[in-house]
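The values are calculated or read from the model by the stated rules, or taken from the named source; none is laboratory data. Quick caveat: nothing in here was measured; it's all calculated off a predicted structure. Using ideal geometry, Cβ is built from the backbone for each residue, glycine included, and neighbour counts are taken over all protein chains shown. To get the accessible areas, we keep the full protein, side chains included, count just its heavy atoms, and leave off ligands, DNA and RNA. Shrake-Rupley method; radii C 1.70, N 1.55, O 1.52, S 1.80 Å.
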Amino acid sequence: MPQHDLVVIGAGPGGYVAAIRAAQLGLNVAVIEQESALGGTCLRVGCIPSKALLESSELFTEARQSFGRHGIVLASVELDLKAMLRRKEQIVNGLTKGVESLFKKNKITRYLGHGKITSATSVTVESKEGAVELSAKNILIATGSKPSSLPGIQMDRDRVVTSTEALSFPEVPKRLILIGAGYIGLELGSVWNRLGSKVVVLEYLNRILPGMDSEIAGDAQKVFEKQGLEFKLGKKVNAARAEGNEAIVEVQGEEPIRADKVLVAVGRVPNTDNLGLENAGIKLDQRGRIEVSKNFATSSSNVFAIGDVIQGPMLAHKAEEEGIACVEALITGCGHVNYDAIPGIVYTQPEIATVGKSEDQLKEQGIAYRKGIFPFRANGRAHALGHPDGKVKILADEKTDRVLGVHIIGPRAGDLIAEATAAMTFGASSEDIARTCHAHPTLSECLKEAALAVDGRAIHF
Ligand code: NAI
């Protein structure tokens, strides 16, 4: 029977990063992955392909709507959707091959098949060729999540689809309904809206992007409406199904809505299907997530879990941090994740990025704060880029001035949030950011100015 110090189940960003770190620290590591390509949902059918399409569709919009303002005149702009989808696939293929070569470099053994725990120290790999049993000193579950659905929704994966199918529609749907105004709905809704779909978003709550700072989410909704997305908030979807060449969505108290495609994006649920958790006595919480203690240990000794399958935001980088902390704690005794500084980014145009507490949370928790806001329209670089919409908002503790949250809507917000995250990780005050020299002309000056604004002394606004 093959023997390994660590057997990781799942080769998404959580699992493969943990495997590499464990190999660096000298363990004999194996990874079991049921898909032939490594990289998990994020790389194969999530973060990476969606970002490829967001970039392509944004360039298409710019070419049609904005190039003229730059003095660039095009005779005509046409969409070659096949080529756009091919480019996305090429990017995904290149990156999954990259993970394969990292495995080789780090001497990680890869098993193709479904991993099932048979005891606290053994896992079988089930595949078409049969089953192979592995002996494991430690097991790490990093099986991620899968799309959740709603009662009444008949997901046929043709007319009524998940994000996976919505990354590869063979033609632009004329009418696209999104159920859910979260990360996935807004990103993929933006892609197809830019490519020509009429997009209607049905959201159960009375706002979009629940959990995000409500001021920023309100700003985002206005921008998306200008771009052509139609929001129907406070709507309860009772059913959705394919009917002939269409899909029909039944919304409580309204006439049924017809569309060419319906994307269901109402969140994701932990993926623990057929994992054999019962064979090692591993417990789940009420929401079906694997319960872990400090250092990511499950209720079974030597079995650990990280990423979407445990509590916390379902984000690739959160899973990576946990994967590294888990194996470092296992091998060196020390591992740590700073959950107060995990950024979240929606890659729309403009991008929306957030780290730390929202203003809503500070109010709910009765924490006294000061707030500094700086708009991109007062920043030279934002004008040069042609994207002056949006703002940076910094929330700092009223007494200590420690930065508690930073929320950005605007150009390249997803890159700008890194500075805020680093500042918060080092326990910075808004004064620290305000006194840091920021290059001119850059978008990052908006962070400095928002920090100055916390103290009422922004220069350019
Ligand atoms: P989400 O949790 O972001 O949003 C789901 C939305 O559906 C919420 O607004 C919710 O109120 C709404 N909803 C729930 N039930 C509903 C109903 N019956 N009718 C209408 N609306 C309803 O989930 P989403 O967008 O599916 O994304 C799943 C996960 O993937 C998220 O946890 C997210 O963190 C992650 N993700 C992250 C991305 C990023 O980092 N850029 C991109 C895409 C996904």
Solvent-accessible area per residue for the chain at a 1.4 Å probe radius, Å²?
46 Å²
Of all accessible surface on the chain at a 1.4 Å probe, what whole percent is carbon and sulfur?
50 percent
Considering the dipole of the chain built from charges on the beta carbon (Lys and Arg +1, Asp and Glu -1) around the Cα centre, which of Leu54, Leu205, Ile248 is farthest to its positive end?
Leu54
Would you kindly state the longest site-free stretch of the chain, with sites defined as trypsin sites (Lys or Arg not before Pro) in a DSSP loop (not H, G, I, E, B) surrounded by at most 13 other Cβ atoms within 10 Å?
288-398
With just the Cα atoms of region 160-266, tell me how far they stretch along each of the three principal axes, in Å, largest first.
42, 31, 22
Just want the answer: with Cβ charges of +1 for Lys and Arg and -1 for Asp and Glu, which residue in Thr421, Ile91, Ser163 is farthest toward the dipole's positive end in the chain?
Ile91
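Charges at C-beta only: +1 for Lys and Arg, -1 for Asp and Glu. How large is the resulting dipole of the chain about its Cα centre, in Debye rounded to 20?
480 debye
Please state the equivalent ellipsoid semi-axes for the chain: what are the square roots of 5 times the Cα gyration tensor eigenvalues, largest first, in whole Å?
Ellipsoid half-lengths, sorted descending, are 37, 30, 22 Å.
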Using Cα positions and a limit of under 16 Å, work out the aspartates and glutamates in reach of Lys226, with same-chain residues fewer than 8 apart set aside.
Glu58, Glu62, Glu187, Glu351, Asp389
Proximal aspartates and glutamates to Lys107, defined as alpha-carbon separation beneath 15 angstrom and excluding residues fewer than eight positions away on the same chain
Asp5
Lysine pairs with alpha-carbon atoms under 13 Å apart, region 342-454, spacing 8 or more or separate chains:
8
Looking at this model, which pairs from Lys198/Lys235; Lys88/Lys146; Lys198/Lys222; Lys128/Lys283 are more than 23 angstrom apart at the alpha-carbon?
Lys128/Lys283
